[in-house]
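Undergrad: Below you'll find the structure I mean.
The values are calculated or read from the model by the stated rules, or taken from the named source; none is laboratory data. As the structure is a computational prediction, the values presented were derived from the model and not from experiment. Here the Cβ positions follow ideal geometry from the backbone for every residue, glycine too, while neighbour counts run over all protein chains shown.
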């Protein structure tokens, strides 16, 4: 297992993971029916991230294949630029193998060395207990909840759990 910075040439692999995870339709805001992103969009987003010193993408690689990524975003408004949030996706067949832990470790190490980033935040579906426990192991604390923020179906809701860690 290896973790490295993403390159524009990783766009197809990142897109493939995003597409597969969104099609699982489990725990993401975006539903498969509204997913419209294309590989070109991912290439452009990677380029923009590489050029932004407040953002980073790390990828997990196994046997030269990309199996997951963590993508850290920083908001544009000046008063929020000390913060960042992230998304992380691991291909289904590679979950539970430690990739998520390694990616979070790399992200937090990067953030601690980054002179701009002071706080990392995330939102996670309240029913995703595995992810919540993972984030807690890295010091993330529940900051609040958006009650019934996620509507999965008729009378089927979940909270958006907001978590953070200061770096």
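Undergrad: For the structure I just gave you, tell me whether residue 19 is surrounded by 13 or more Cβ atoms within 10 Å (Cβ to Cβ), farther than 19 Å from residue 123 by Cβ and at pLDDT below 95. Reasoning before the result, please.
TA: Values: surrounded by 13 or more Cβ atoms within 10 Å (Cβ to Cβ): yes; farther than 19 Å from residue 123 by Cβ: yes; at pLDDT below 95: yes.
So residue 19 passes the test.
Undergrad: A further question follows. Which of the residues spanning region 109-167 are surrounded by fewer than 12 Cβ atoms within 10 Å (Cβ to Cβ), touching a strand residue (DSSP E or B) at 6+ places or on another chain (Cβ under 8 Å), at pLDDT 95 or above and over 25 Å from residue 54 (Cα atoms)?
TA: 147, the sole residue that qualifies.
Undergrad: Could you list, in sequence order, the residues of region 1-27 that are assigned to a loop (DSSP other than H, G, I, E, B) and more than 19 Å from residue 59 (Cβ to Cβ)? Walk me through how you get there before you give the answer.
TA: Within region 1-27, the first condition is being assigned to a loop (DSSP other than H, G, I, E, B), and the residues that meet it are 1, 6-7, 25-27.
Once the filter is applied, which keeps residues that are assigned to a loop (DSSP other than H, G, I, E, B) and more than 19 Å from residue 59 (Cβ to Cβ), region 1-27 yields 25, 26, 27.
Undergrad: Within region 6-17, is even one residue in contact (Cβ under 8 Å) with a residue 24 or more places away in the chain and within 19 Å of residue 114 (Cα to Cα)?
TA: There is at least one residue in region 6-17 that is in contact (Cβ under 8 Å) with a residue 24 or more places away in the chain and within 19 Å of residue 114 (Cα to Cα).
Undergrad: Failed condition for residue 48, given (1) assigned to a helix (DSSP H, G or I); (2) at pLDDT below 95, with all others met?
TA: Evaluating residue 48 over (1) assigned to a helix (DSSP H, G or I); (2) at pLDDT below 95 leaves (2) as the failure.
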